[in-house]
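Okay, structure first, notes after.
The values are calculated or read from the model by the stated rules, or taken from the named source; none is laboratory data. Given the structure is predicted, the values throughout are model-derived calculations rather than measurements. Quick reminder, even Gly has a Cβ in these numbers, built from the backbone with ideal geometry, and neighbours come from all protein chains shown.
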Amino acid sequence: MKFYDCATAPSPRRVRIFMAEKGIEIETIQVDLAKGEQFSDDFKKINPLGEVPLLVLDDGNSISQVTAICRYLEEIYPETPLHGRTPLERAQVEASNGQLQANGMFAAAEAFRNATPGFKNRAAPGPHDYAQIPELAQRGLLRLDNLFSDLDAHLAESQYIVGDYFSVADISALTIIDFARWVKKSIPENCTNLKRWYDLVNARPSAKA
Ligand SMILES: N[C@@H](CCC(=O)N[C@@H](CS)C(=O)NCC(=O)O)C(=O)O
């Protein structure tokens, strides 16, 4: 297998942390997004979306999207399950992870991509160009404020995102919170439950991935 990564980008980092938690090592190829390597003909042949992460299997099949790649790796490396250990936990992890993707990852991306000069006409990743909409950047910041307070309230009652179980949803939340710093948003002082959770999850060796 080959893992197409970009060491500085938040989406592939979710997969890197996931692999580190499972102790998986996969040959990794860096795609330099800052240099525009995702638009090269060679990379577009491998992933017409022009995005990382991407996992290419030995038989030539490829899997895009963080959630799909993590799902696949969970199936073939079931040890240290990160998507839940019971039917209920699996449903809860999926629900939380989906919420974090929609309300966290997309909010941070919206805030960053719609306000950063280098992303003019690249307000969304993928094969099509989109103009920046400054109001979407503002809305993204507001959504991040709400994410922090919602997570803080949730973590008042819960050790991890899903009960006492560290899961792929914690990996998503950690990555989103670090990504939010790119738009100068960090955990507010009064979000003590979220800070406690962040310190716990960020202390895991996988967080360095
Ligand atoms: N929906 C995709 C999004 C992946 C994504 O946004 N990747 C970014 C890096 S964090 C990218 O490849 N950007 C290329 C670009 O901006 O042209 C997923 O979940 O995997």
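Worth a mention:
- Residues of the stretch 142-194 satisfying the condition of being touching a helix residue (DSSP H, G or I) at 6+ places or on another chain (Cβ under 7 Å) and either among the β-branched types (V, I, T) or modelled with pLDDT under 95 (or both): I161, V162, V168, I171, T175, I176, I177, V183, I187
- Here is the figure for the stretch 51-73: residues that are within 16 Å of the ligand (Cβ to nearest atom) and touching a residue at least 24 places away in the same chain (Cβ under 8 Å) total 11.
- Criterion: within 15 Å of T175 (Cβ to Cβ), within 16 Å of the ligand (Cβ to nearest atom) and aliphatic (A, V, I, L, M) - qualifying residue of A109, A115: A109
- A single member of E21, E79 is touching a Gly at 6+ places or on another chain (Cβ under 9 Å) and away from the ligand (no atom under 12 Å from the Cβ), and it is E79.
- Within the stretch 33-57, the set of residues being of a type outside the set (A, V, I, L, M) and either buried (at least 16 other Cβ atoms within 10 Å of the Cβ) or under 18 Å from the mean Cα position of the chain (by Cα) (or both) comprises E37, Q38, F43, N47, G50, E51, P53.
- Checking each residue in the stretch 17-32 for being within 11 Å of M1 (Cα to Cα) and polar (S, T, N, Q) picks out only T28.
- The residue of the stretch 110-136 that is farthest from I161 (Cα to Cα), among those that are free of Cβ contacts under 8 Å to residues at least 40 places away in the same chain and of a type in the set (A, V, I, L, M, F, W, C), is A131.
- Those helices (runs of 4 or more DSSP H) lying entirely in the stretch 34-141 with at least 2 residues over 20 Å from S206 (Cβ atoms) and touching a Phe, Trp or Tyr at 6+ places or on another chain (Cβ under 7 Å): 106-113
- The stretch 161-204, residues that are in contact with an Asp or Glu (Cβ under 9 Å, 6 or more places away or on another chain) and touching a residue at least 60 places away in the same chain (Cβ under 8 Å): I161, V162, G163, Y165, F166, S167, V168, A169, I171, K185, R204
- Total residues in the stretch 184-209, condition loosely packed, with under 13 Cβ neighbours inside 10 Å and in a loop (DSSP other than H, G, I, E, B): 4
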